[in-house]
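Right, one structure below, let's go through it.
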Amino acid sequence: MGIFDFLKGEFIDVIHWVDDTHDTLVWRFEREGHAIKYGAKLTVREGQVAVFVHEGQLADVFTPGLYMLETNNMPIMTTLQHWDHGFQSPFKSEIYFVDTTRFSDLKWGTKNPIICRDPEFGMVRLRAFGTYTIRVTDAAKFLTEIVGTDGEFTMDEISFQIRNIIVQETSRVLAGSGIPVLDMAANTADLGKLVATEVSKTLAEYGLSMPEMYIENISLPPAVEEVMDKRTSMGIVGDLGKYTQFQAAEAMSAAASTPGSSMGAGMGMGMGMGLAQHMASTMAGQQGPWGQAQQPAQQPAAAAPPPPPPPVEHVWHIARNGATEGPFSKARMGRMATDGDLMRETLVWTPGQDGWKKAGDVTELAQLFTILPPPPPPGV
């Protein structure tokens, strides 16, 4: 570089920052040797502030506008006045640009459940997640407390600490709110404002604020949600007795369509006898060839009462690994016992039974398990 180019660079110095990363909070204007020349132009755009640091100490904060760094109280001297230093200024100054716009759509969530006391369900564990917004309100304090001498400070470098503060305050607010779990969905907006207010008290010490904080969801553990779904289903069903009868009828239909099922054979026999009786009554009322109803030659004896329908075979449900399986017919339960899928300790239930019982304690199922015969008598 020629001497005229060098002198031109010494007389013209424009300091500004245009951010295209969308996640940078602080950016330091890079100047060789950190020498800011006398008379330099400083441009601060809307949504920015510039922090002037001289000789390691914070000197001034510039709000949006155009500034000429040439006043007498500015600790800046032109390098042209220091020939003895070889065009190197002895005054080391730095300018940090701080983005004061809102950083939005930042995620937060609880890693571990929050234990709360619910007025309806007692002790419950809650999880919550959502989004929040952050902005710098005091650039000098933020630079002093958080950034330090970092030349480029991004949102990722502080988001982890902010999320910890949010989770801490969210846990405290939810646990002390006294709002039932079933009503929290209707109060997420108010809860979010409460949490944002508490978090902002801590962030103010860092020169930050939280303009917005949203709670998108508050959820219960899967096991509790499953119980609540069952309770909701019971409310929709209404008459539990009629619903149990309907389930039993559906299970019988399913068992009748299963090949090799003893229940299917019994139901088939019952349907066959009913069909035979219906055909007999129909033929008795048929007309003769002359348009008159045929009459039997003699009065038949009183018809015998129809045989009683076959006993209804129970269908069984199995509780395993926190889930319910079934329904299964007795024949299917026998095959499961043979294959080792059904043990004496397995919990079973059938409509009409008082709660869950072990399969070995149910008389109808105890015979499915192999019982070793006693030893033969001596001398045989």
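The values are calculated or read from the model by the stated rules, or taken from the named source; none is laboratory data. None of the values given here were measured: they were computed from a predicted structure. All Cβ positions, even for glycine, are placed from backbone atoms using ideal geometry, and neighbour counts span all protein chains on display.
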The one condition I146 fails out of (1) touching a Ser or Thr at 6+ places or on another chain (Cβ under 9 Å); (2) crowded, with 17+ Cβ neighbours inside 10 Å; (3) not small (G, A, S) is (1)
Quick one: what pairs do we get from segment 317-334, first residue assigned by TED's automatic domain parsing to the domain that holds A251 and in a loop (DSSP other than H, G, I, E, B), second surrounded by fewer than 17 Cβ atoms within 10 Å (Cβ to Cβ) and of a type in the set (A, V, I, L, M, F, W, C), C-beta under 9 Å, 6+ apart or different chains? G322/A223; S329/A254
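Condition check: within 30 Å of A50 (Cα to Cα), at pLDDT below 90 and small (G, A, S). Does G178 satisfy that?
Details: within 30 Å of A50 (Cα to Cα): no; at pLDDT below 90: yes; small (G, A, S): yes.
No, not satisfied.
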Being at pLDDT 70 or above, assigned to a strand (DSSP E or B) and surrounded by fewer than 11 Cβ atoms within 10 Å (Cβ to Cβ), is that true of even one residue in segment 22-44? no
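Among helices (runs of 4 or more DSSP H) lying entirely in segment 122-227, which contain 1 or more residues that are without any contact (Cβ under 8 Å) to a residue 60 or more places away in the chain and not polar (S, T, N, Q)? Break it down stepwise before answering.
Values: elements: 139-142, 156-177, 188-203.
Once the helices (runs of 4 or more DSSP H) in segment 122-227 are filtered for at least 1 residues that are without any contact (Cβ under 8 Å) to a residue 60 or more places away in the chain and not polar (S, T, N, Q), what remains is 156-177, 188-203.
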Could you check how many residues of segment 59-96 are modelled with pLDDT under 85, closer than 23 Å to A140 by Cα, surrounded by fewer than 19 Cβ atoms within 10 Å (Cβ to Cβ) and among the small types (G, A, S)? 1
Condition first: surrounded by fewer than 14 Cβ atoms within 10 Å (Cβ to Cβ), out of contact with any helix residue (DSSP H, G or I) (no Cβ under 6 Å at 6 or more places or on another chain) and over 16 Å from A248 (Cβ atoms). Can you find one or more residues in segment 312-320 that meet it? yes
Just name the residue that is surrounded by the most Cβ atoms within 10 Å (Cβ to Cβ) out of those in segment 97-120 that are at pLDDT 90 or above and within 14 Å of the chain's Cα centre (by Cα). W108
Note down all Cβ pairs under 9 Å where the first residue falls in segment 38-53 and is farther than 13 Å from L69 by Cβ, the second is assigned to a loop (DSSP other than H, G, I, E, B) and of a type in the set (F, W, Y), and they're at least six residues apart or on different chains. R45/W17; Q48/W17
Suppose we keep only residues that are surrounded by 11 or more Cβ atoms within 10 Å (Cβ to Cβ) and in a loop (DSSP other than H, G, I, E, B) within segment 1-15. Which one would you say is modelled with the lowest pLDDT? I12
In this structure, is V18 at pLDDT 50 or above, within 20 Å of L143 (Cα to Cα) and surrounded by 14 or more Cβ atoms within 10 Å (Cβ to Cβ)? no
Failed condition for V348, given (1) within 30 Å of A223 (Cα to Cα); (2) at pLDDT below 75, with all others met? (2)
